[in-house]
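Right, one structure below, let's go through it.
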Amino acid sequence: MSEINSPDKNKVILEAKSLTRRFGGLVAVNNVFFKVNQHEIFGLIGPNGAGKTTLFNLITALIPPSEGELIYQGQEISQLRPHQIAALGIARTFQNIRLFGELSALENVIIARHLHTKSNMITGVLGLPPAPAEEYQSKQKALELLELVGLSDRAAEKAKNFAYGDQRRLEIARALALEPQILLLDEPAAGMNPSEKQQLSEFICNLRDRFKLTIILIEHHVPLVMGLCDRIAVLDFGQLIALGEPSVVRNNPAVIEAYLGNE
């Protein structure tokens, strides 16, 4: 568990209440309850098909729940649209990277900044206030984020030319451009070697502390999750089978049978 900054265990930022999602006869998420504390690094693990990405899609409103509620800072958000969720302060990366390949790294990050600008099409085209100032501010902020993820020297390069790991970092920079309070990371360590995974773990801790973020991550690499997260939730066939600190989850018989025993 990260010792850099203790989570605020007295303030819940996100809560799922009886959250359920059905696809026809398949129940992908089944009556799930959990709470995430502010500034916590919260891990979500489970076998393939356990419902982890479906849960992320519910949180970010890509799909609506069949039943249940999602509460974010006291507000029920399960019926909102994706852009409304982003405006509230919830951003994510995807298991399958979704960048604009023909745009530069800088342009990919600037696009996300538009959520925080007041300019419209007319002021932008005509160069009327506040468009020029906002354009400059967005560019500077995007450059700062590219510097943070180690890509500032490739700002003008097209995203499609980046290696997989660099695309991952660019996607994180774009998510941070939304100025989130909760950052959802979907398998951020996929395709990384042990050294890169250790660097990623340190990077996630630094992100949490620098931006005062709450981070929720899906990850298959169990040692990374156990060493990084303050608490862990385990899904199996859409059901929550364990929730708690890593030391508790690691020794849970249901978790060992469903997941950890296969590692």
Report task. Scan segment 71-86 for residues that are part of a strand (DSSP E or B) and not polar (S, T, N, Q) and jot them down. Result -> I71, Y72, E76
Query raised in the report: within 16 Å of A175 (Cβ to Cβ) and assigned to a strand (DSSP E or B): does that describe A91?
Result: yes
Report task. Considering only segment 27-53, state which residues are farther than 21 Å from D230 by Cβ, at pLDDT 95 or above and surrounded by fewer than 18 Cβ atoms within 10 Å (Cβ to Cβ). Result -> V27, N31
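The values are calculated or read from the model by the stated rules, or taken from the named source; none is laboratory data. Just so it is clear, the model here is predicted, and its values are computed rather than measured. Heads up, the Cβs are rebuilt from the backbone with ideal geometry, glycines too, and the neighbour counts pull from every protein chain shown.
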